[in-house]
Amino acid sequence: MSQVFIEEKIFDKIDFTQNPLSKGEYEYCTFINCNLSYTDISDLKFLECEFSGCNLSLVKLAQTALKDIKFKNCKMLGLNFGDCNEFGFAVNFDTCILDRSSFVSMASSLKQRVKIKQTVFKNSQLHEVDFTECDLSSAVFDDCDLTGAIFKDTILEKADFRTAINYSIDPELNRIKKAKFSQSGIAGLLDKYDIEIDLVN
């Protein structure tokens, strides 16, 4: 089956559930207000593309290459980024909803971590997102809601949680050296002890 190569194209208000993306490589493309929900973009390659106002919920990502990709104002429920091609994997999120998505590597038997160092999550909702065994070194969670997010054997060294809310991170189960937290967020590091913290001015 022939593969397409598409460069610097704008896809605007396209329903890809009716007209699936062609297999191939997309470079410097912009997707605006498109519907990709439930579609299969496995094995496709995206380089320095931007998705804005798109619905990508439950998209299949088996060996999908996402290199320097920006997601803005996107709905992204139930995605498994751990299925993506690990080579060059780099994504950033601005004002997105990623509830119940996962960054857990499907190659867990090889103890291979999903590396998302320096990833920026900005003004995003991350309810019940699974970051088990990820490398989130120097990642930034700027004004993010992490209700129910799972951190287990996660590398969080130098990660910035100062403006994040509703996270629960066990320091004994994760690597948090030099991670940044606000005073009001300290309770999220002590949840398992079931203690009350009264922050006084």
message: Among the residues in the range 80-94, are any farther than 26 Å from Lys158 by Cα and surrounded by fewer than 21 Cβ atoms within 10 Å (Cβ to Cβ)?
response: no
- prompt: Residues Tyr38, Tyr26: which one is in contact (Cβ under 8 Å) with a residue 12 or more places away in the chain, of a type in the set (Phe, Trp, Tyr) and surrounded by fewer than 18 Cβ atoms within 10 Å (Cβ to Cβ)?
  reply: Tyr38
- prompt: Quick one: Phe131 ticks every box in (1) surrounded by fewer than 17 Cβ atoms within 10 Å (Cβ to Cβ); (2) assigned by TED's automatic domain parsing to the domain that holds Lys180 bar one, so which box is it?
  reply: (1)
- prompt: Among Gln118, Gln125, Gln63, which is more than 30 Å from Thr17 (Cβ to Cβ) and either surrounded by 19 or more Cβ atoms within 10 Å (Cβ to Cβ) or free of Cβ contacts under 8 Å to residues at least 60 places away in the same chain (or both)?
  reply: Gln118
statement: Within the range 50-60, residues more than 18 Å from Lys23 (Cα to Cα), buried (at least 20 other Cβ atoms within 10 Å of the Cβ) and out of contact with any Lys or Arg (no Cβ under 6 Å at 6 or more places or on another chain) come out as Cys54
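The values are calculated or read from the model by the stated rules, or taken from the named source; none is laboratory data. Since the structure is predicted, the reported quantities are computational estimates derived from the model, not experimental observations. Backbone-built Cβ (ideal geometry, glycine too); neighbour counts: all protein chains shown.
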